[in-house]
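Notes to accompany the following structure.
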There are 2 protein chains.
Amino acid sequence: MTTQPPFDTQRLDALLEEEGVDALLVTSPHNLGYFLGGYRFVLYDKLDSVGLSRYSPFLGYVRGRADQSFYVGWGDEGWGVAADPIWPPEVRIESWTAEDAAATAARLLETRLGRDARVGIEKPYVSIDAFERLRAGLPEARFESSVILLDELRAIKTPEEIEAMTIGAEKVVEAMSLVFSSLEPGETTRELAERLRVHESQLGLEFHYCLIAAAPDANRAPSAQRLDRAAALSLDSGASYQGFVADIARMGVYGEPTQLQKELLAMVRRVQEAARAEVRAGALSAELMEAGRSAVEEMPWPERFNFVAHGMGRKAHEAPRLNQGKPPYPASHLDEPLAAGMVLSIETHVIDPEAGFVKLEDAVAVTAEGCEPLGDGGRDWNVRPEDA
Amino acid sequence: MTTQPPFDTQRLDALLEEEGVDALLVTSPHNLGYFLGGYRFVLYDKLDSVGLSRYSPFLGYVRGRADQSFYVGWGDEGWGVAADPIWPPEVRIESWTAEDAAATAARLLETRLGRDARVGIEKPYVSIDAFERLRAGLPEARFESSVILLDELRAIKTPEEIEAMTIGAEKVVEAMSLVFSSLEPGETTRELAERLRVHESQLGLEFHYCLIAAAPDANRAPSAQRLDRAAALSLDSGASYQGFVADIARMGVYGEPTQLQKELLAMVRRVQEAARAEVRAGALSAELMEAGRSAVEEMPWPERFNFVAHGMGRKAHEAPRLNQGKPPYPASHLDEPLAAGMVLSIETHVIDPEAGFVKLEDAVAVTAEGCEPLGDGGRDWNVRPEDA
């Protein structure tokens, strides 16, 4: 039986102290996975509707008192926690609705902290029916968003987590290689994306998505578009292994790549390498972003390129948050140093009128000296020989 | 380009009229699938975290004015609606956070209905950050839960939907047959559940879960438990095909089933048949529930049996709601007649100290004369011959 939290409670307590948060109620699949060492009740993991309600378990954590942690699961979740015991000392598996679970979580928090605590929640992952019960049960509590705090908490990966992310990335590369090596002109991008889904499943991955572009089109949603002979094919897929996202993009072609195709992918790789060269513990994130952008500026048509980078882990985009600046992707870590154990996804694409969408996306783990690539195979053209 | 709603707008308008609801904001994957004919943006379908926010599109429908419908998707969803065009006349693909999407949805509703409309929402599928923006944008609107109304709307399936559900059920049966025919004593239930997941993926299904019990244990969560030679194995899996859930349970064994195993499965089948015999359009749901319960009462140990039935479609449990009485499963249709096109899941299990968990779960579509089973294969013992 697992009796210890699988994460650094001192680090969490310090983050909570800094924000003045007394307790956390964790609800998102990615953060529950972090707090519970990957535990998730299989029955509702993927299909979360339960009758007229929705599966919505709560993990309660009181600052400085890991021994007072609790888990509120579902009425039939006894099977799950029997097969995979979890560490919180109090486990309530009696709820059948999100409201019931929230009412129980509020009651358990009240016995620990009284009624006027500051409680960190994940607003995007608390439904309004559950929140009505949280507020009713703790009318004097202040509920605050702890989404950023939780992202910070997960930013530095353990060696075991990096090992899982490495395996995941290698498996996505392998699945893509299987698709590329079996390309047939005339197949639709929908068929090819489905083939990748099946290969990823066979390799033990949980498939999330496949973006796919077949030249000259740069639309990346799987569609009825048919693959032309010698058309460049871009695959970009997210899949999870042991709860960690692998997000990889690779290029393939039926028959020998053209000179233009070779040059474009070489340019993309140059941008990727330029960014990667600046990755090391202690370096400012801004340096790697600047290196990638400068490399783009040296290209013959910088405006056709796009370069981004971001942290990755149990979510596809997480801390360190490096760029873009759109609201869900604030560039809030640019002036902070990278730390060993962070995992970065680095992506570059170019859109060419003839060769279409040419992209690489790679993951690297930050180390003291530089970085360690995860799943670096297949970064050249993956060629399906003609008449094979 | 699809320009017509793929559902009966008159029926929806009548339901909204009855409840006095002016407009709907649809957010759950199952109801968006219904309103948009299966459309879903592949990128965020399974992994819905987007940076610090969450993918949370809105479909707006104004009572009596299908032509004023709108869809609020994400900033990069242009690929998705280009590959699979959707019917709402107004499509906004500019949001990057749940808050932005909600603010846009509120604005679009206000231009159509003014500020004091009654708006039906799905409380379990609206996060509190989105709801804050809905309320801010429409401060005089009344937001009400339309979860039940939407379940009623989907209760009667079209022939095309039943066809998809039939294919889905047959594929789950086929995947289970592949697992049963390759059983090896000593395998863990976790390995077997993973094998089922892979087979379902290969057959084009979206795997949701596999509950698995290996006698004599009746715990159904996949675990490190190893399969004994000649132990009864129960598989119960949910998977989707074209957005519709197939939920099937079948039994298998390595070597010939024992006399006890044969008798138990025959008893389970007798309960299933008794309930099925009462299914026909116009019959009260209570009659089939009563028939199943009476059949259980005739068994040598009625207390070891469990019999349930429920509607099924884009959700595993939906209208008609027939039993259990737990809050998310109100038995609210017992005194209503069944209608042609409803799909029912009928489930019976018995727990025996020696043979373990013995279960069948089947789906049937209600017809004028009776019912049509979906995926009725493999309802006897699925035998893995010894020394095969």
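Counting only C-alpha contacts under 8 Å and six or more residues apart, can you give the relative contact order of the stretch A:156-248 as a whole percent?
After rounding, I find 34 percent.
With the label 7 angstrom out along Cα to Cβ, how close does A:ASP380 come to the same site in each of the other copies, in nm, nearest first?
5.8
Using a 1.4 angstrom probe on heavy atoms only, work out the carbon and sulfur share of the accessible area of the stretch A:253-388 in %.
So the carbon and sulfur contribution to the accessible surface is 49 percent.
Using the Kirkwood radius over C-alpha pairs as Rh, can you work out the diffusion coefficient of the stretch B:1-122 via Stokes-Einstein at 20 °C, viscosity 1.002 mPa s, in µm² per second?
147
Would you work out the relative contact order for chain B, in percent, from Cα pairs under 8 angstrom that are 6 or more residues apart?
In percent, rounded to a whole number, it is 15.
Cα extents of the stretch A:125-185 along the three principal axes, largest first, in whole Å?
On the principal axes, the stretch A:125-185 reaches 62, 34, 15 Å in Cα extent.
Set the bar at 19 Å for Cα to Cα. Now go through A:LYS262/A:LYS359; A:LYS315/A:LYS359; A:LYS326/B:LYS46; A:LYS46/B:LYS315 and name every pair that lies beyond it.
The answer is A:LYS315/A:LYS359; A:LYS326/B:LYS46.
Could you work out, for the stretch A:95-135, what percent of all Cα-Cα pairs fall into each 5 Å distance bin, beginning at 0 Å and stopping at the bin that holds the largest distance?
Final binned percentages: 5, 24, 32, 25, 12, 1.
Restrict the search to the stretch A:281-341; then list the GluC sites (Glu not before Pro) that DSSP places in a loop and that have at most 13 other Cβ atoms within 10 Å of their Cβ.
Sites meeting the loop and neighbour criteria: A:GLU298.
Take each uninterrupted DSSP H stretch in chain A, measure its Cα extent along the helix axis, and return the ones at 18 Å or beyond whose mean Kyte-Doolittle hydropathy is at least -0.5.
A:98-113, A:159-180, A:259-276, A:285-297
Are there any trypsin sites (Lys or Arg not before Pro) in the stretch B:111-143 that are in a DSSP loop and have at most 13 other Cβ atoms within 10 Å? List them by number.
B:ARG115
For chain A, I need the span (max minus min coordinate) of the C-alpha atoms along each principal axis, in Å, sorted largest to smallest.
Reported extents, whole Å, longest axis first: 70, 44, 35.
Would you kindly work out, in nm and rounded to one decimal, the distances from the label point of B:ALA368 to those of the same position in each other copy, ordered shortest first, with label points 7 Å along Cα-to-Cβ?
In ascending order, 8.1 nm.
Do you know the relative contact order of the stretch A:341-388, to the nearest whole percent, from alpha carbon pairs under 8 angstrom that are 6+ apart?
Relative contact order comes out at 29 percent.
Which Cα, out of A:LEU108, A:ALA232, A:VAL253, lies furthest along the positive dipole direction of chain A (beta carbon charges, K/R +1, D/E -1)?
Looking along the dipole axis, the top candidate is A:LEU108.
Between A and B, buried accessible area summed over both sides at probe 1.4 Å, in Å² to the nearest 100?
5500
Treating each Cα of the stretch B:79-219 as an identical point scatterer and ignoring solvent, apply the Debye formula and state log10 I(q)/I(0) at q = 0.16, 0.18, 0.19 Å⁻¹.
-0.99, -1.07, -1.12
When all protein chains stay in place, what accessible area (Å², nearest 10, 1.4 Å probe) is found for B:ILE93?
Here the accessible area works out near 50 Å².
Per residue of A:50-59, how many C-beta atoms from partner chains lie within 10 Å of its own C-beta, taken as a mean?
6
Compute the convex hull volume of the Cα atoms of the stretch A:289-388, divide it by the residue count, and report the result per residue in Å³ as a whole number.
147
Heads up, I need the accessible area for A:TYR71: 1.4 angstrom probe, whole protein in place, Å², nearest 10.
So the heavy atoms of A:TYR71 present about 0 Å² to solvent.
With all protein chains present, how much of the accessible area of the stretch B:138-248 (probe radius 1.4 Å) comes from carbon and sulfur, to the nearest whole percent?
Carbon and sulfur: 52 percent of the exposed surface of the stretch B:138-248.
With charges only on Cβ, +1 for K and R and -1 for D and E, what is the dipole size of the protein assembly as shown about its Cα centre, in debye, rounded to 20?
Dipole size: approximately 660 debye.
Distance from the Cα centre of the stretch A:142-203 to that of the stretch B:193-220, in angstrom?
So the separation of the two Cα centres works out to 22 Å.
Can you compute the radius of gyration and Dmax for the protein assembly as shown, using only the Cα atoms, both in Å?
26.5, 82
The values are calculated or read from the model by the stated rules, or taken from the named source; none is laboratory data. From a predicted model like this one, the values you see are computed outputs, not experimental measurements. Note that we place each Cβ from the backbone using ideal geometry, even for glycine, and neighbour counts take in every protein chain shown. These area figures cover heavy atoms from the full protein model, side chains too; ligands, DNA and RNA do not enter into them. Shrake-Rupley method; radii C 1.70, N 1.55, O 1.52, S 1.80 Å.
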